[in-house]
Amino acid sequence: MEPYNTRMLKCLKLAESHHFDHLVISSSYNLKYLLGANIDTGERMTVLLVSPGKKVKLFIHQMFSDQVPILDELEIVYYSDEMEPLLVLSEHFTNHEKLGIDQNWLCSYLIDLLKALPAIRIEKSTVVEKLREIKDEQEIDILRQSARIADAVMYQIIQLQHLPATEREVAGTIASFFAEHGVNELSFKPIIGFGKNSANPHHTISDQTCQIDQPILIDMGGLFNHYCSDITRTFYLGRKNQQFEDLYQIVKETQMKAIEMVKPGVAFSEIDLFVRRSFAKWGYEQYFIHRTGHGIGLELHEGVSIHQKNHDVIKPGMVFSIEPGLYVPDQYGIRIEDIVVVSDHGCEVLNKCCKEVQYLDFVGV
């Protein structure tokens with residue numbers, strides 16, 4: 001069950017370094033990361049209790065025993081419907097201890113815990129989230145494969161999508177193409193923006209049909225072996241448009257130079273500020289309205305955030321997006337997004353899909 005035993009040991013050591021007596025871990029993604037199991041118990045409480053110097057305990061309803069993983073040094077504490085799970089859990093704490101809680105635990109449980117042990121010290125914990133920021137080789141390999149599938153689907157969309165079509169129809173085609181590659185779950189609902197809809201970075205797909213001489217923005221991803229992909233490309237449907245092409249080249253060159261900056265020791269703020277200054281040189285800074293990128297892994301958005309106020313530094317093993325974009329209101333938007341993994345001296349771009357200006361025909365093949 002490696003690397004899960006290794007991850008658990010790292011979690012215990014990090015909890016101890018933060019002087020936590022216990023960690024309450026309830027996020028399904030954190031449980032997946034530490035246990036290698038997909039645990040879904042609905043509304044019933046599931047908690048992994050990590051206590052330095054003690055055996056790790058998993059509190060779970062007895063009905064879900066088939067979801068319990070087999071790991072060294074993991075003790076299972078079952079409860080039934082007639083039992084109060086919070087009281088079962090609180091028996092393992094004492095007043096005045098320092099308890100770290102991850103961000104997904106229901107506040108109703110926390111309220112009940114404070115009633116049972118009013119003197120217990122509660123702190124927000126990001127111990128597991130910080131561990132997840134640095135991917136191991138197994139995770140990187142899965143993310144690399146996930147990105148390759150996304151590249152293949154993007155290529156299929158360009159080559160096989162019949163136009164004209166609606167945004168919703170293109171989204172449906174994307175899902176079917178991912179399924180052809182054995183990926184039956186998308187990492188998020190695709191963002192398909194035709195024409196002026198592309199000026200909304202998180203446009204909700206509609207029944208709008210693409211028209212000649214307008215851009216098409218496609219942002220999509222799938223879930224391969226539980227790890228997300230995320231890629232964005234912007235195309236132009238119809239005849240050559242020099243205004244679009246000039247703006248596209250600015251976005252592309254900015255994105256590629258931002259990727260070149262990615263290496264250990266560089267602050268995330270430096271990457272984001274570079275992008276903003278690059279757009280400002282052309283007088284377009286007001287059209288960049290989101291951060292430069294986000295961490296990715298078991299979740300689409302996890303870990304690091306690439307914005308001008310984040311002065312944390314890049315470390316080897318981090319995986320995140322670089323996705324600058326320009327959005328001209330009521331006209332169109334252009335975004336190019338790739339996923340990168342940080343190496344010892346730079347980074348590897350996981351997406352290999354073409355980033356040159358591409359004009360699409362109004363006749364599908």
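The values are calculated or read from the model by the stated rules, or taken from the named source; none is laboratory data. Worth saying up front: this structure is predicted, and the values here are computed from it rather than measured. Every residue, glycine as well, gets a Cβ built from its backbone with ideal geometry; the counts of neighbours run over all protein chains shown. All accessible areas refer to the heavy atoms of the entire protein, side chains included, with ligands and DNA or RNA removed. Shrake-Rupley method; radii C 1.70, N 1.55, O 1.52, S 1.80 Å.
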Handout entry: Any hit, segment 24-47, residues being touching a Pro at 6+ places or on another chain (Cβ under 6 Å) and open to solvent by 40 Å² or more (accessible area, probe 1.4 Å)
Key = no
Completion exercise
Among residues of segment 135-185 being within 27 Å of THR209 (Cβ to Cβ) and in contact with a Pro (Cβ under 7 Å, 6 or more places away or on another chain), the residue surrounded by the fewest Cβ atoms within 10 Å (Cβ to Cβ) is ALA171
Exercise for the section: Being within 16 Å of PHE320 (Cα to Cα) and surrounded by fewer than 21 Cβ atoms within 10 Å (Cβ to Cβ) is the filter here, so list the residues in segment 346-356 that pass it. Expected result: GLY346, GLU348, VAL349, LYS352
Completion exercise
Every listed condition ((1) more than 30 Å from ASP136 (Cα to Cα); (2) open to solvent by less than 30 Å² (accessible area, probe 1.4 Å); (3) assigned to a strand (DSSP E or B)) holds for TYR78 save (2)
Problem - The one condition in (1) in contact with an Asp or Glu (Cβ under 8 Å, 6 or more places away or on another chain); (2) surrounded by 18 or more Cβ atoms within 10 Å (Cβ to Cβ); (3) more than 27 Å from GLY195 (Cβ to Cβ) that MET261 fails to fulfil - result: (2)
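Tell me which residues, restricted to segment 100-124, are open to solvent by less than 20 Å² (accessible area, probe 1.4 Å) and under 27 Å from the mean Cα position of the chain (by Cα). Working first, answer last.
Looking only at segment 100-124, we keep the residues that are open to solvent by less than 20 Å² (accessible area, probe 1.4 Å), and these are 100-102, 113, 120.
If the condition is that a residue be open to solvent by less than 20 Å² (accessible area, probe 1.4 Å) and under 27 Å from the mean Cα position of the chain (by Cα), then GLY100, ILE101, ASP102 are the ones that fit.
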Exercise for the section: Just name the residue that is surrounded by the most Cβ atoms within 10 Å (Cβ to Cβ) out of those in segment 300-318 that are touching a residue at least 60 places away in the same chain (Cβ under 8 Å) and not basic (Lys, Arg). Expected result: MET318
Exercise for the section: Write out, first by first residue and then by second, each pair whose Cβ atoms fall under 9 Å of each other, whose residues are 6+ apart or on separate chains, and whose first residue, in segment 254-282, is under 16 Å from SER343 (Cα atoms) while the second is of a type in the set (Phe, Trp, Tyr) and assigned to a helix (DSSP H, G or I). Expected result: ALA258/PHE274; MET261/PHE274
Practice task
Show the residue pairs that are 6+ apart or on different chains and have beta-carbon atoms under 6 Å apart, the first residue being within segment 128-140 and more than 13 Å from GLU299 (Cα to Cα), the second being open to solvent by 30 Å² or more (accessible area, probe 1.4 Å) and not in a loop (DSSP other than H, G, I, E, B).
Solution key: LEU131/LYS10
